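What follows is a set of notes on a single structure, which appears directly below.
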Amino acid sequence: MSATSPHMPSGGADKQILHIGIGSFHRAHQAWYLNRLIEQGDTEWSLAAGNIRNDMSAVLDCLARQNGSYTLETVSPSGEREYEEIRAIRSVVPWDARLEALVQAGADPRTRIISFTVTEGGYYLDQQHRLDPGHADLASDLEQGTRLTIYGAVAAILRARVEGCATPVTLLNCDNLRSNGERFEGGLLEFLERRGETELRRWVVDNTSCPNSMVDRITPRPGEEVRERVKAATGRDDLCPIMSERYCQWVIEDHFCAGRPAFEKAGAEMVESVLPYEEAKIRILNASHSCFAWAGTLLGLQYIHEDTADAEIRQFALDYVTDDVIPCLSPSPIDLARYRDVVIERFGNPHVKDTNQRVTADGFSKIPGFIAPTLHELHQRGASLASTAMLPALFFQFLLRWHKGELPYEYQDSVMDETAAHAVFEAADPVAAFCADRVLWGALAGNAGLVAAIRQAVARVQAWETSRR
């Protein structure tokens, strides 16, 4: 079936989740959970999936040719590989500039949940969690009615839904964003307010819910070798297989307004609040992931597992978590020291081959999202910033390499203002200019203690980098 047809046979499912952002992570995570339910005989729900941007047309086309099915390869730290055919996607939504097919799928009365993965930087929020219309795509959606962002797309879907079935729908954020459901809801309501869509805003308040969730599964971009292994192991010449680590976690607040699949039967954790889980994951896993990737890149390493094998890089991450994060998050229902060790063990899986290039992407959203909250808490307590300051210092040195054109790969950052970033290193005092950025540091921007801590950390990083060349 070609990707020009938005709907495929539902296979008997009478309720649908529309997922926006049909990348590798969604196919290894949310689709995998629903597939587990289907394999248990629960065929009440199916997935429709599409994209806002036309950057994955080849994947959409391949999925459509395979009727939405694909192979997931998972690998354990010991190298044991397993293969599953995922059949949860029953409708591949083709991309078009006005997203008409996506809007049609979202307005379908069978659609009870609209979920999305558009990366941390795709929400265009400032330090006060308000929309930042300085971003061109967001400004275009606000002023010209385009559909380039998740807000423009969802607003168009909900407008069509009101005109059609007018039934409630849950909006489920699946990105690595703290309080992701609340922040998306706030952004959407502000978007509609700025557009003057008072009636639609009122309908959204009354007829949608936006539960917070926490997602976790390391999923590298699949290379050609994945397709070769899948064919050798299964006999299937899969056009769009993916691979991930064996570990998988999904914690979801059980606040759905239009029904939901029995995700708990597939291994998801349905809770009243995700806060302790997401704080541990964001500050320990996500921040450490970036730490390893930035440091490894400075040494010319390519993969995360290579970074974790380096004793000095490993110590940077261990000091950050042990000295600062665990005290900040204690007491916790989670064994934080054990979680730290499991995270580093997962990063050390040599068979996943997760690249530093993938993990370093969108660094400008990771400093305020993953690292700055710990610095803020340490500052409020009057504690030393030294261990945590090493992470932004590594990012500073990484950006300096980017500024000089010395990175071993192309750096992609959907949030970074390239002109402003280059200007940091042309300033009389680059560290002070870096620490003055309110997008990165919020209320700590320009703080003398922050500047001093990061200046010392940058000097340490530069000395370390020189000693390792």
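The values are calculated or read from the model by the stated rules, or taken from the named source; none is laboratory data. What you see is a predicted model; the values in this text were computed from it and never measured. In this analysis, Cβ positions are derived from the backbone assuming ideal geometry, glycine residues included, and neighbour counts consider all displayed protein chains. What goes into the accessible areas is simple: the full protein's heavy atoms, side chains included, and nothing from ligands, DNA or RNA. Shrake-Rupley method; radii C 1.70, N 1.55, O 1.52, S 1.80 Å.
Brief remarks follow.
- Bridgeable lysines around Lys265 (alpha carbons under 19 Å apart, same-chain partners fewer than 8 residues away excluded): Lys15.
- Computed extension length for Gln40-Lys404: 125.6 nm, one decimal, from 0.36 nm per residue of separation with the Cα-Cα distance subtracted.
- For the chain, with +1 on Lys and Arg beta carbons and -1 on Asp and Glu, the positive-most of Trp441, Asn35, Ala105 along the dipole: Asn35
- Relative contact order (percent, whole number), the chain, Cα cutoff 8 Å, 6+ residue spacing: 14 percent
- Unmatched cysteines, the chain - criterion: no other Cβ of a Cys under 4.7 angstrom: Cys165, Cys174, Cys210, Cys248, Cys257, Cys291, Cys328, Cys435
- Relative packing of peptides 377-387, 274-284 - highest average C-beta neighbours within 10 Å first: 274-284, 377-387
- Sorted on the mean count of surrounding Cβ atoms within 10 Å across their residues, most packed first, peptides 80-88, 332-340 read 80-88, 332-340.
- Between the beta carbons of His129 and Ala166, assuming R0 = 41 Å, the FRET efficiency works out to 0.90 to the nearest 0.05.
- Prolate/oblate/rounded label for the range 336-411 (Cα gyration tensor, a/c 1.5): oblate
- Virtual paramagnetic centre 7 Å along Cα→Cβ of Asp319, amide N under 17 Å, in the range 334-376: 375
- Apportionment of accessible area to carbon and sulfur, the chain, percent (1.4 Å): 48 percent
- Ser414-Met270 FRET efficiency (beta carbon distance; Förster radius 45 Å; 0.05 resolution): 0.90
- Note on Ala262 and Ala232: the model spin-label points, each 7 Å out from Cα along the C-beta direction, lie 3.9 nm apart.
- Mean residue ellipticity (222 nm) of the chain, computed from DSSP H runs ≥ 4 via -39,500 (n - 2.57), nearest 500: -13000 deg cm²/dmol
- Nearest-20 debye value, the chain charge dipole, Cβ charges on Lys, Arg, Asp, Glu: 260 debye
- Beta bridges per DSSP, both residues in the chain: antiparallel share near 30 percent.
- The range 237-388 shape via C-alpha gyration tensor axes, a/c threshold 1.5: oblate
- Taken along the Cα-to-beta-carbon direction at a fixed 7 Å, the label points for Arg202 and His422 span 5.0 nm.
- Between the beta carbons of Asp96 and Ser76, assuming R0 = 60 Å, the FRET efficiency works out to 0.90 to the nearest 0.05.
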